[in-house]
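These notes concern the structure reproduced below.
The values are calculated or read from the model by the stated rules, or taken from the named source; none is laboratory data. Here the structure is a predicted model, which is why all the values come from computation and not from measurement. All Cβ positions, even for glycine, are placed from backbone atoms using ideal geometry, and neighbour counts span all protein chains on display. What goes into the accessible areas is simple: the full protein's heavy atoms, side chains included, and nothing from ligands, DNA or RNA. Shrake-Rupley method; radii C 1.70, N 1.55, O 1.52, S 1.80 Å.
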Amino acid sequence: MTGTLISFGHGYSASALANLLGPEGWRVIGTTRSDDRIGSLLAQGVEPRLWPGANMGPALDAATHILISAAPGPEGDPVLAELRDEIAARADRLRWVGYLSTTGVYGDHQGGWVDETTPLSPTTERGRARMEAEAAWAAIPGLPLHIFRLAGIYGPRRGPFAKVRNGTARRIIKPGQVFSRTHVDDIAQVLRASMQRPNPGAIYNVCDDDPAPPEEVIGYAAELLGLPLPPAEDFDMVEMSPMARSFYAESKRVRNDRIKDELGVTLRYPDYRAGLRALLAEETGE
């Protein structure tokens, strides 16, 4: 199966998907707000569009699939704000639409488990904005929408090794705090699997099998590098930006059975240990 994918807000996760689709013969059109990113999109085999600004009508006419990665802004979802009517008019021609959301829509569960049927109760502004965007996309009649709630994303250039090496990594301890996370390559394979077997209306959590306290991840990275364990810091005592502190406002474990049972996905990196070992091997060429 091939087609034409428009990737709105073509960033880290969408690039990993494009790396899978390009060799299969897909046409991928990616939007960016920055002239500086045009070269990197072209190098990836992605057709760049400077948007907002470009006329997206011809691309939408050609599209069989749409991926929305762009984050909500003050006016809500930026793609809907500009192109809702144009996309809605083409809904019956599209085979698949994917929206990249966040597990933050579930809110705080004090370390308890959540799945796709858990009622949404976000406690952060980011989570609330994503919940509203999910609902706005779902309100378009006939749109073959698939929602992907992503856990914390890591991968090449987004691992902890640089901070451990330069001494800026922090092992912040908040008792009971636990996060789910996902390697970007597993996001890409989940998206491709969904595109291969569309199920409009489906919602998928995208995460690995091993929710873990953040200080364990930093500790394992230091162990792999053979460097001293960064000192433990009490969450209540450390100085942090409001953004950084907000990540600790919620604690939950996220179930991922649906991507396995419905999409047949076998995770490449089922836990952070496997993911970090692979990242380090890639960095060092070993």
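Annotations
- Backbone amide hydrogens, once placed in the peptide plane, bring Val178 within less than 5 Å of Lys252, excluding anything fewer than 5 places away on its chain.
- The chain: angle of helix 78-89 to the longest principal axis, Cα-based, in degrees nearest 10: 40 degrees
- Residues with amide H under 5 Å from that of Arg149, placed H, sequence gap 5 or more: Ser101, Tyr204, Asn205, Val206
- C-alpha long axis of helix 12-21 to longest principal axis of the chain, angle in °: 60 degrees
- Averaging the Cα positions of each part gives two centres, and for segment 57-92 and segment 1-54 these lie 15 Å apart.
- Crossing angle, helix 184-196 versus the chain [Cα axis fit, 0-90 degrees, rounded to tens]: 30 degrees
- Cα gyration tensor shape for segment 171-286, rounded if a/c is under 1.5, else prolate or oblate: oblate
- Counted by Cβ distance under 12 Å from Gly57, the other residues give a net charge of -2, where Lys and Arg count +1 and Asp and Glu count -1.
- The chain - accessible surface per residue (Å², probe 1.4 Å): 46 Å²
- Surrounding net charge for Pro228, when Lys and Arg each add one and Asp and Glu each subtract one, Cβ distance under 12 Å: +1
- Karplus 3J(HN,Hα) series, Hz, for segment 104-120 with 6.51 cos²θ - 1.76 cosθ + 1.60 (x for Gly, Pro): x, 5, 7, x, 8, 10, 6, x, x, 7, 10, 9, 5, 8, 5, x, 7
- Phi angles of segment 148-153 translate, via the Karplus equation with coefficients 6.51, -1.76, 1.60 and θ = phi - 60°, into HN-Hα couplings of 10, 9, 8, 7, x, 9 Hz per residue; Gly and Pro are given as x.
- In terms of its Cα atoms, segment 1-51 spans 31, 16, 16 Å along the principal axes, sorted from long to short.
- Long-range HN-HN contacts of Arg171 with modeled amide H, under 5 Å: Glu233
- With N counted as the residues of the chain, its alpha-carbon radius of gyration over 2.2 N^0.38 Å works out to 1.02.
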